[in-house]
Amino acid sequence: MLATAAVTTIGAHAQGAGAAGVHDATFPAVGESKELNILTGESVTLRWIDAGPDALIVGIGPVPAQGERLVRPPNDITYTLISGDGPATGFRSLDVFVRGRKGRGVGNPDFPPLTQYRTTVDGVVAGFAYPALVQRVYRYLQDTCGHEVESTHKPWEQDYTLWTNYAQPAATGLPKCVDQPSGLDAAKRPVSTAFFVRLIPAEKTESATTVEIGAVARFRYANEERWRSLEEPAHVKAFAEGLRRSLEAFK
């Protein structure tokens, strides 16, 4: 595990955004991160080499050992290239900051801060290469549960954290991937729920990953206008069970 990491900053047009506003950005070496500033509406050509087999860019999907991909991020985003498995897992991060962006951004209340996630479930997932597991969890949160997903990784750390916005279905207050838990206080039925998943690669050679899952729900009493935070273990357990079933089906 690296104690420090180099961070390279690229100016808004330092890598030569052309007439069409397309920037070139090459992922740094393993264990390092790079920053890029662009304007709203501009695009970035992501380039990488020597990623090895089973590599992926979180949110994009599996990628070859060498290649490029054109993206147009509407908001600040971190693209993380993950390769290898177990103690050999390597992370390379490219932070893209979008100037003049509209809508969602840092501090948006639709995404609860990580400090609000109090109730957790721990477990171990085996049988997945780490990059494939990260991508599967990302897709489960986005495609199955219907959340918007954000994620973070510090190059000198090994864990990768994904978290979501609040899901707000009308009927139960839970995302479509979670069954209504039994035994809840009817007066505290949540109207929206968000989740986070932290994935920590194995320290040994086998493909086993430590998984930490948390949730935060919002609710309000019938005679109140303000939202309250609900720490309800049943929501975490229901989500964890759905994720477990999804991973089993994927193997």
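Name the long-range amide H neighbours of Asp24: under 5 Å, sequence gap of 5 or more, or other chain; modelled H, no Pro or chain starts.
Thr45
Please list the non-local residues whose amide H lies under 5 Å from the amide H of Ala202, H modeled 1.01 Å from N, same-chain partners needing a gap of 5 or more.
Correct list: Gly86, Ala208, Thr210.
Quick one: which residues, 5+ away or cross-chain, put their amide H under 5 Å from the amide H of Leu39? H built at 1.01 Å from N.
Here Arg99 satisfy the definition.
Whole-Hz Karplus ³J(HN,Hα) for the stretch 144-151, in order, using 6.51 cos²θ - 1.76 cosθ + 1.60 and θ = phi - 60°, x for Gly and Pro?
For the stretch 144-151, the Karplus-derived couplings read 7, 8, x, 8, 7, 10, 10, 8 Hz, x marking Gly and Pro.
Just order 128-137, 63-72 by mean Cβ neighbour count inside 10 Å, highest at the front, would you? Write out the running numbers ahead of the final one.
Values: 128-137: 22.5, 63-72: 13.4.
Per-residue Cβ counts within 10 Å, averaged per peptide and sorted highest first, yield 128-137, 63-72.
Read-outs: derived from the displayed coordinates by stated rules, not from any lab. These numbers come from a predicted model, not from an experiment. Don't worry about glycine lacking a Cβ; one is built from the backbone with ideal geometry, like all the others, and counts go over all protein chains shown.
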